[in-house]
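The values are calculated or read from the model by the stated rules, or taken from the named source; none is laboratory data. Owing to the predicted nature of the structure, the values given are computational and were not obtained by experimental measurement. Cβ atoms come from the backbone with ideal geometry, glycine included; neighbour counts cover every protein chain shown. Surface areas here come from the heavy atoms of the whole protein model, side chains and all, with no ligands, DNA or RNA. Shrake-Rupley method; radii C 1.70, N 1.55, O 1.52, S 1.80 Å.
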Amino acid sequence: MQDPIRTRCEDGILEVIIDRPKANAIDLATSRKMGLIFRDFRDNPDLRVAIVTGAGEKFFSAGWDLKAAANGDAVDGDYGVGGFGGLQELRDLNKPVICAVNGICCGGGLEIALSTDLIIAAPHATFALPEIRSGTVADAASIKLPKRIPYHVAMDMLLTGRWLNVEEAHRWGFVNEIVMADKLMDRAWELARLLTSGPPLVYAAIKEIVREAEGSTFQTAMNKITKRQFATVDVLYSSEDQLEGARAFAEKRAPIWKGR
């Protein structure tokens, strides 16, 4: 049987490919496998950046596997570490994740994309939340999407299930770049290499601050930063990298990041 998730690692970069023909839909077993992969990415100090994409040229992912659901997979079943797709509930993931959308990105597939930090997409990519038509709720998207794009646009997608082409997705800001399909993965790896050249402790602090500040006031979050109450900020402010950044700036040279 074909492995539904393919991976490769190179130069601190993890590439994760969803490969479940025809629609790269995700059942419970696949979600659990993805959770283990992303957990290991989080916990492996040698891995700095992840890329997630779909196999083929038509689908990134259609999300929840409705055929598997019809055969007994419970919609509230055990999705494994990190929840559906391994990303959207994975605690303390303080490394950058890039999503390369190579086609249809809908339902849970769009929820996975929204769980990443940068989204690039091919010109033929399309986006939707069609759960309304199958009598269920796009739970993670209902929480995240109205915070990422204008409220009324998000509610339009959630309430009607309508499709957005890539130009509209880019205009509303949840797609960072539109990249020709034959260059999509080259661009994803280019971005990943750019990020691996940066300071990992700073990335970790950025991700924790952004994540934790979402549910607090500005001043509460600022107080936690200045009092070093975020674990990643405390590590950063006591690190060799913090000193290296200042020295490199003063000496007018490129910094050498050690991640400690």
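If a residue must be aromatic (Phe, Trp, Tyr) and either under 17 Å from residue 90 (Cα atoms) or not in a strand (DSSP E or B) (or both), how many such residues does the stretch 35-63 contain? So that I can check it myself, show each step before the final result.
Restricting attention to the stretch 35-63, the residues satisfying the condition of being aromatic (Phe, Trp, Tyr) are 38, 41, 59-60.
Still in the list and also either under 17 Å from residue 90 (Cα atoms) or not in a strand (DSSP E or B) (or both): 38, 41.
Count: 2.
Go through the stretch 136-175 and count every residue that is under 20 Å from residue 75 (Cβ atoms), out of contact with any Lys or Arg (no Cβ under 6 Å at 6 or more places or on another chain) and assigned to a loop (DSSP other than H, G, I, E, B).
Summing the residues that are under 20 Å from residue 75 (Cβ atoms), out of contact with any Lys or Arg (no Cβ under 6 Å at 6 or more places or on another chain) and assigned to a loop (DSSP other than H, G, I, E, B) in the stretch 136-175 gives 3.
Residues of the stretch 209-254 being open to solvent by 50 Å² or more (accessible area, probe 1.4 Å), over 23 Å from the mean Cα position of the chain (by Cα) and in contact (Cβ under 8 Å) with a residue 40 or more places away in the chain, which ones?
Passing the criteria: only 242.
Among (1) within 17 Å of the chain's Cα centre (by Cα); (2) touching a residue at least 24 places away in the same chain (Cβ under 8 Å); (3) closer than 26 Å to residue 154 by Cβ, there is one condition residue 48 misses while meeting the rest; what is its number?
Tallying (1) within 17 Å of the chain's Cα centre (by Cα); (2) touching a residue at least 24 places away in the same chain (Cβ under 8 Å); (3) closer than 26 Å to residue 154 by Cβ, residue 48 fails exactly one: (3).
Report, by residue number, each residue of the stretch 115-127 that is crowded, with 24+ Cβ neighbours inside 10 Å, over 13 Å from residue 185 (Cα atoms) and not aromatic (Phe, Trp, Tyr).
Residue satisfying the conditions is 125 alone.
Six or more apart or on different chains, Cβ under 6 Å: which pairs go from a residue in the stretch 115-141 that's assigned by the TED database to the domain that holds residue 173 to one that's open to solvent by 10 Å² or more (accessible area, probe 1.4 Å) and of a type in the set (Lys, Arg)? Could you list them?
120/187
Taking the condition of being part of a strand (DSSP E or B) and within 20 Å of residue 195 (Cα to Cα), how many residues in the stretch 1-34 meet it? Let's see the steps before the verdict.
Within the stretch 1-34, the subset part of a strand (DSSP E or B) is 5-10, 13-18, 26.
Okay, now just the ones that are also within 20 Å of residue 195 (Cα to Cα), so 7-10, 13-17.
Within the stretch 1-34, residues that are part of a strand (DSSP E or B) and within 20 Å of residue 195 (Cα to Cα) number 9.
Contact list please: Cβ distance under 6 Å, first residue in the stretch 155-166 and in the same structural domain as residue 128 (by the TED database) and within 22 Å of residue 101 (Cα to Cα), second residue of a type outside the set (A, V, I, L, M, F, W, C) and open to solvent by 70 Å² or more (accessible area, probe 1.4 Å), pairs at least six apart or on different chains.
Here the result reads 161/133, each pair linking the stretch 155-166 to a residue that is of a type outside the set (A, V, I, L, M, F, W, C) and open to solvent by 70 Å² or more (accessible area, probe 1.4 Å).
Residue 35: open to solvent by less than 40 Å² (accessible area, probe 1.4 Å), closer than 22 Å to residue 127 by Cα and not hydrophobic (A, V, I, L, M, F, W, C), yes or no? Spell out how you get there, then give the answer.
Working: open to solvent by less than 40 Å² (accessible area, probe 1.4 Å): yes; closer than 22 Å to residue 127 by Cα: no; not hydrophobic (A, V, I, L, M, F, W, C): yes.
No.
Being under 15 Å from the mean Cα position of the chain (by Cα), surrounded by 21 or more Cβ atoms within 10 Å (Cβ to Cβ), assigned to a loop (DSSP other than H, G, I, E, B) and not basic (Lys, Arg): is that true of residue 82 here? Show your work before the answer.
Values: under 15 Å from the mean Cα position of the chain (by Cα): yes; surrounded by 21 or more Cβ atoms within 10 Å (Cβ to Cβ): yes; assigned to a loop (DSSP other than H, G, I, E, B): yes; not basic (Lys, Arg): yes.
The answer is yes for residue 82.
For the condition open to solvent by less than 40 Å² (accessible area, probe 1.4 Å), in contact with a helix residue (DSSP H, G or I) (Cβ under 6 Å, 6 or more places away or on another chain) and within 26 Å of residue 239 (Cβ to Cβ), what is the one hit in 138, 204?
From the options 138, 204, the qualifying one is 204.
Among residues belonging to the stretch 91-112 that are touching a residue at least 60 places away in the same chain (Cβ under 8 Å) and in a helix (DSSP H, G or I), point out the one that is nearest to residue 136 (Cα to Cα).
Filtering the stretch 91-112 for residues that are touching a residue at least 60 places away in the same chain (Cβ under 8 Å) and in a helix (DSSP H, G or I), the one nearest to residue 136 (Cα to Cα) comes out as 108.
Assuming residue 30 fulfils every condition listed in (1) surrounded by fewer than 17 Cβ atoms within 10 Å (Cβ to Cβ); (2) without any contact (Cβ under 8 Å) to a residue 40 or more places away in the chain; (3) of a type outside the set (Gly, Ala, Ser) apart from one, which condition is it?
Of the numbered conditions (1) surrounded by fewer than 17 Cβ atoms within 10 Å (Cβ to Cβ); (2) without any contact (Cβ under 8 Å) to a residue 40 or more places away in the chain; (3) of a type outside the set (Gly, Ala, Ser), the odd one out for residue 30 is (1).
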